[in-house]
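The values are calculated or read from the model by the stated rules, or taken from the named source; none is laboratory data. The shown structure was predicted, so the numbers you read here are calculated from the model rather than taken from an experiment. We place every Cβ from the backbone using ideal geometry, glycine too, and count neighbours over all the protein chains shown. Ligands, DNA and RNA are excluded from the accessible area calculation, which covers all protein heavy atoms including side chains. Shrake-Rupley method; radii C 1.70, N 1.55, O 1.52, S 1.80 Å.
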Amino acid sequence: MKAIEGQSAGEASARRPDAIFARERPGTEFEVGPETAHGFDDMVDRSVPFYREIQRMVCELAADFATGGSALYDLGCATGTTLLALDPVLVPDVRFVGVDNAEAMLAEARRKLMRRSSPRQIDFCLADLHDAPVIENASVALMILTLQFIRPLHRGRVMRRIAQGLNENGCLILVEKLTLGNSALNRLFINYYYAMKRRHGYSEIEIARKREALENVLIPYRLDENRELLLDSGFRHVEEFFRWYNFSALIALK
Ligand SMILES: C[S@@+](CC[C@H](N)C(=O)[O-])C[C@H]1O[C@@H](n2cnc3c(N)ncnc32)[C@H](O)[C@@H]1O
């Protein structure tokens, strides 16, 4: 495993390496089982450009929008990395709710969150976001690299439910992989993305197998489609706060 910029050797060796696409897998479906969950933290670190900086920025923004007595929802919380990072920076009377449809991810999240010492209430909820999540009294909702897995037909309903469940002046932070309207640039940006994965130690075969597994599972929107989706769902303002080729982070204000 190659070291990632900003990551110490100690940190790198403490986590389990992502080798899920290093060997042949039956079928092409992308399933989240214990093996995916165990290698997940290493996977996002090596597969998402500036993952740690995005997490840091999300925490910075969330800290300014979260209000005491309200809730923060992390929709598609995976192994709880964001909630773990948020815990020391948010006032303790903000309740955390982590939602994911993969029990193996939530099991990792519970294990990681056990280490913390704060008295904060943290609830994990095994649920499919296609069923439109129940969101109540929220000051912050996070959807980090998760909307792209929701079938396009359902995205409007999910977004409207999030907007309805947010308190006035609450925010949604949305991080997504994008597609582009210009096919030449789209191809180039995808090439630069695969070059980044190679720099982070993934082999050609791992990159190809993952691409195949995510085909028709991860469906990226264009930036203007995500903006429109948010504005049509009840958000009054949308701002991009991070961009790297085909990765984008937006904050939407209610
Ligand atoms: C790329 S990961 C999210 C990463 C995480 N938010 C982070 O910042 O590290 C996408 C997560 O969304 C979850 N997911 C995908 N489709 C879902 C659905 N329909 N309902 C709930 N969770 C879903 C997956 O299990 C996975 O944990």
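Taking the criterion of being part of a strand (DSSP E or B) and small (Gly, Ala, Ser), the only residue of the range 94-119 that qualifies is Gly98.
Pairing each residue of the range 201-216 that is open to solvent by 30 Å² or more (accessible area, probe 1.4 Å) with any residue that is in a helix (DSSP H, G or I), provided the two are 6+ apart or on different chains, yields C-beta distances under 7 Å for Gly201/Arg46.
If I filter the range 228-238 for residues that are polar (S, T, N, Q) and open to solvent by less than 40 Å² (accessible area, probe 1.4 Å), do I get at least one hit?
yes
Taking the numbered list (1) closer than 15 Å to Leu75 by Cα; (2) of a type in the set (Gly, Ala, Ser); (3) within 16 Å of the ligand (Cβ to nearest atom) in turn, Ala213 passes all entries but (1). Can you confirm whether the range 136-157 contains a residue that is of a type in the set (A, V, I, L, M, F, W, C), closer than 27 Å to Leu253 by Cβ and touching a Lys or Arg at 6+ places or on another chain (Cβ under 6 Å)? For the range 136-157, residues of a type in the set (A, V, I, L, M, F, W, C), closer than 27 Å to Leu253 by Cβ and touching a Lys or Arg at 6+ places or on another chain (Cβ under 6 Å): absent. Please enumerate the residues belonging to the range 114-171 that are of a type in the set (D, E, K, R), open to solvent by less than 100 Å² (accessible area, probe 1.4 Å) and away from the ligand (no atom under 16 Å from the Cβ). Passing the criteria: Arg116, Arg120. A count restricted to the range 53-89 and to residues that are more than 10 Å from the ligand (Cβ to nearest atom), outside any helix (DSSP H, G or I) and buried (at least 16 other Cβ atoms within 10 Å of the Cβ) stands at 7. Please work out if Phe50 is open to solvent by 50 Å² or more (accessible area, probe 1.4 Å) and away from the ligand (no atom under 13 Å from the Cβ). Criteria not met by Phe50.
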